[in-house]
Structures are given as structure tokens and as C-alpha cells.
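The values are calculated or read from the model by the stated rules, or taken from the named source; none is laboratory data. What you see is a predicted model, and the numbers here were worked out from it, not measured in a lab. Cβ coordinates were reconstructed from backbone atoms using ideal geometry, including for glycine residues, and neighbour counts include every protein chain displayed.
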Amino acid sequence: MWQQRHPVLDEIEPEIAQMLEAFGYELVLAKLTGPAGGQNLTLYIDKPGGVHSDECAEMSKKVSVLLETIDSNRHNYEIVVSSPGMDRPIVQETDFERFVEEKARLTIERAEGRQTLTGIIKGLTGSCVVMQIDGDTVAVPLSGLVAARLVPEWQEI
């Protein structure tokens, strides 16, 4: 994963992901932001067919109980559980295989600054994402990747 992570996530995320999986959900992305003592823990969850707001509310309660047991010393988080949305973030390298033939927007860091590329994911080759952009095949090194998201095709929805 290439996104910057809060170190506390390394401690609590595996337990959260395991609990969510037990209820049939995938943890797409976890973010911990804000100052100590008033942090926001945002969890993006998904399952086949998508998630609804009542499911997010239920999982928020379950995550809160879990954190009381595994992180009681620091558990002072405002927990937000949400769907990843139609423009789902691509977080893991395996997501580039999972979403082959889907349209995506990649933000990359280059010497001349940040650049955004939009095209069709063709897969992962070594340490590069292969994209079809305006008829050209482009290999984008994962090392320069800052962010990636699916781009919904609104006319198909």
C-alpha cells in the first residue's frame, strides 16, 4: 500500500479487518486523522452488492466494542464507517488485478510535480500498473503512485 499511514493503524487494522470479514465485509481502507485524544477513525467497507447506511451504523458499533478490548488505552476515536463509493479507492496492489478493464484515475509524483492519468487498468506487471490511455499502453511505477481511484462510467449506471 502506498498511502501514508498512521502508525496506530498497524496495530488495530488487522483486528478490525478480521472482524469485518467475519461479518462478510471487506475493509477497503482505514484512515486515522486528527490530534491525539480526538482522532477520527474512518473505515471504508464493502461487500458484493455494496453496503447500506444501516450496515455501516451496525459495523461502527461493532468496531467500537472491538476497539474497547484491543485498544482500551487509546480508544478515544470518533468512528465513521462508510461505503467506498462509486469512485472506490484502489489501495492494494492486488486491486489492480481485481479491477482489470475498469477505468481508473492515478495520481503520480514525478520530478516535475504531480500528474493525473486516467485510463483503463490492464493489470500489474512487476512493480508497474499497466494502463491503456488514449490508445497507448503505459506502465506506471508503483513507487511514484500517490493515489488511485476507480472512475465510474455514469452513462452505464
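Residue check: is Ser127 closer than 20 Å to Gly24 by Cα and among the polar types (S, T, N, Q)?
When the stated conditions are applied, Ser127 does not pass them.
Suppose the filter is in a strand (DSSP E or B) and over 22 Å from Leu32 (Cα atoms); does Val81 pass it?
Answer is no for this residue.
Let me confirm something: among Arg105, Arg110, which residue is loosely packed, with under 12 Cβ neighbours inside 10 Å and over 28 Å from Ile12 (Cβ atoms)?
Sole residue among the options that is loosely packed, with under 12 Cβ neighbours inside 10 Å and over 28 Å from Ile12 (Cβ atoms): Arg110.
Quick one: which strands (runs of 3 or more DSSP E) sit completely within segment 89-157 and have at least 3 residues that are in contact (Cβ under 8 Å) with a residue 40 or more places away in the chain, touching a Lys or Arg at 6+ places or on another chain (Cβ under 8 Å) and on the phi < 0 side of the Ramachandran plot?
Details: elements: 103-110, 113-125, 128-133, 136-141, 145-150.
Strands (runs of 3 or more DSSP E) meeting the threshold: 103-110, 145-150.
When you go through Val63, Val51 one by one, which is the residue that is assigned to a loop (DSSP other than H, G, I, E, B) and crowded, with 17+ Cβ neighbours inside 10 Å?
Result: Val51 is the single residue among Val63, Val51 that is assigned to a loop (DSSP other than H, G, I, E, B) and crowded, with 17+ Cβ neighbours inside 10 Å.
Among the residues of segment 14-46, write down those that are in contact with a helix residue (DSSP H, G or I) (Cβ under 7 Å, 6 or more places away or on another chain), closer than 15 Å to Ser82 by Cα and assigned to a helix (DSSP H, G or I).
Correct list: Ile16, Leu20.
List the number of the failed condition for Val80; all other conditions in (1) hydrophobic (A, V, I, L, M, F, W, C); (2) modelled with pLDDT of 95 or more; (3) under 23 Å from Arg149 (Cβ atoms) hold.
(2)
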